[in-house]
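Some notes on the structure that comes next.
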């Protein structure tokens with residue numbers, strides 16, 4: 001548990017400080033805020049530290065440790081989806097920056113995040129409107145109405161199922 005805290009503390013700080021009004025003006029500034037450079041380092045940081053933790057385990061425990069590391073990584077992706085949306089809304093409302101939807105999520109899961117389809121397509125999949133065109137949906141006014149916890153719920157359910165299967 002202590003190692004998980006050490007692994008996930010850095011991304012929690014990066015996301016948490018981005019949600020504080022005033023402080024996010026300095027850290028996510030449109031003129032070169034430092035967190036625009038630090039945010040893409042969160043996912044590789046987690047993967048590398050979890051890899052070190054799994055390698056440090058005794059040989060019989062590595063399989064279970066690898067399973068827990070994969071689950072923790074998937075949970076991070078769900079967490080990043082929710083909190084990046086929240087941070088993005090905070091930065092956009094505080095600074096007035098026009099950040100395209102999903103930019104912070106793609107940066108928080110870099111380089112894997114850029115392999116995901118565009119942010120609004122994943123929203124359409126969750127909403128079940130795959131046949132609806134973009135012009136029929138008003139994404140700018142519905143930014144606060146998005147159920148951002150849906151991916152976390154799906155990932156949590158998947159992880160619980162993976163833990164129950166030996």
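All told, residue 78 falls short of being in contact (Cβ under 8 Å) with a residue 24 or more places away in the chain, more than 15 Å from the chain's Cα centre (by Cα) and either under 15 Å from residue 103 (Cα atoms) or assigned to a helix (DSSP H, G or I) (or both). Tallying residues that are at positive phi and modelled with pLDDT of 90 or more within the stretch 17-51 yields 0. Among the residues of the stretch 87-103, count how many are assigned to a loop (DSSP other than H, G, I, E, B) and either over 17 Å from residue 40 (Cβ atoms) or touching a strand residue (DSSP E or B) at 6+ places or on another chain (Cβ under 9 Å) (or both). Total meeting the criteria: 4.
Filter the stretch 1-41 down to residues that are outside any helix (DSSP H, G or I) and either within 18 Å of the chain's Cα centre (by Cα) or in contact (Cβ under 8 Å) with a residue 12 or more places away in the chain (or both) and give me whichever is surrounded by the fewest Cβ atoms within 10 Å (Cβ to Cβ). Working first, answer last.
Let us first name the residues in the stretch 1-41 that are outside any helix (DSSP H, G or I), namely 1, 19-22, 28-34.
If we keep only those that are either within 18 Å of the chain's Cα centre (by Cα) or in contact (Cβ under 8 Å) with a residue 12 or more places away in the chain (or both) too, we end up with 19-22, 28-30.
On the way: 19: 16, 20: 14, 21: 11, 22: 7, 28: 25, 29: 15, 30: 13.
My answer is 22.
Regarding residue 44, is this residue within 16 Å of the chain's Cα centre (by Cα) and not in a helix (DSSP H, G or I)? Can you show your working first?
Values: within 16 Å of the chain's Cα centre (by Cα): yes; not in a helix (DSSP H, G or I): no.
Taking the combined requirement at face value, the residue does not satisfy it.
The values are calculated or read from the model by the stated rules, or taken from the named source; none is laboratory data. Computed from a predicted structure; not experimentally measured. Neighbour counts are summed over all protein chains in view; Cβ atoms, including those assigned to glycine, are modelled from backbone coordinates with ideal geometry.
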